[in-house]
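Derivation of every value follows stated rules applied to the coordinates shown; laboratory data play no part. Since this is a predicted model, take the numbers as computed values, not measurements. Cβ atoms come from the backbone with ideal geometry, glycine included; neighbour counts cover every protein chain shown.
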Amino acid sequence: MSILFGFAGRIGRLGYCLMSLAIGVVAAMLIGLILGFMAPHYPDFGPRNIPTPILATVVLIVGPIIVWFSLVLNARRFRDMGWPPIQAIIGWLAVNILDKLVAMLVPTVALASGNGTVLGLAINLFIIGALLFWPSESSVDASIYRVFLDMDSQRHSPAAKPNRPTPYSRR
């Protein structure tokens, strides 16, 4: 149960992908059940005419469930990748909000659908791709970016510097 409800821990690429698919299937089943029970009460119900009570019920019941499980899975996956989950999720949400605002305020840079910009789409594709394909932090491949950080820290560490006198050092 902690896999579904707890933010602590990690989840690998395969587990993330399978849990995301499972959440999508469960959400589709919940939406189908809600529509199946409520649709007979609305004679003009159709694909282009969804009454407000049905839509509100779907949003109020299924929406929080999907948001909660998505946050749990994303936090665990970001942690597994070695990214800080709180900053990554907040940053991702901030980018999406700013992208929508820019698309609303400057319609010339908006996509044809009007839901965002090309930059926002590229950032979302990168983050979704990273969540699906970025190796775990513990694997050898994930630490490849750390090689550059370690080389940089070794170059600037006191142990790596030669003991030559400089014009500013005391003699």
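Annotations
- FRET efficiency, 1/(1 + (r/R0)^6) with R0 30 Å, evaluated for ALA39 and ASN124 via beta carbons: 0.35
- Computed from backbone phi, the HN-Hα couplings of the stretch 36-46 come to x, 7, 9, 4, x, 7, 10, x, 8, 5, x Hz, rounded to whole numbers (Karplus: 6.51 cos²θ - 1.76 cosθ + 1.60, θ = phi - 60°; Gly and Pro given as x).
- Other residues lying with their Cβ under 11 Å from the Cβ of MET81 contribute a combined charge of +3, Lys and Arg counting +1, Asp and Glu -1.
- Summed side-chain charge close to LEU93 - residues other than LEU93 whose Cβ falls under 14 Å, Lys, Arg +1, Asp, Glu -1: 0
- Under Karplus coefficients 6.51, -1.76 and 1.60, residue-wise ³J(HN,Hα) of the stretch 122-133 in Hz, glycine/proline x: 5, 5, 5, 5, 5, 5, 5, x, 5, 4, 7, 10
- Stokes-Einstein diffusion of the stretch 1-96 at 10 °C, 1.306 mPa s viscosity, Kirkwood radius from Cα pairs, rounded to a whole number: 105 µm²/s.
- Backbone amide hydrogens, once placed in the peptide plane, bring ALA110 within less than 5 Å of nothing, excluding anything fewer than 5 places away on its chain.
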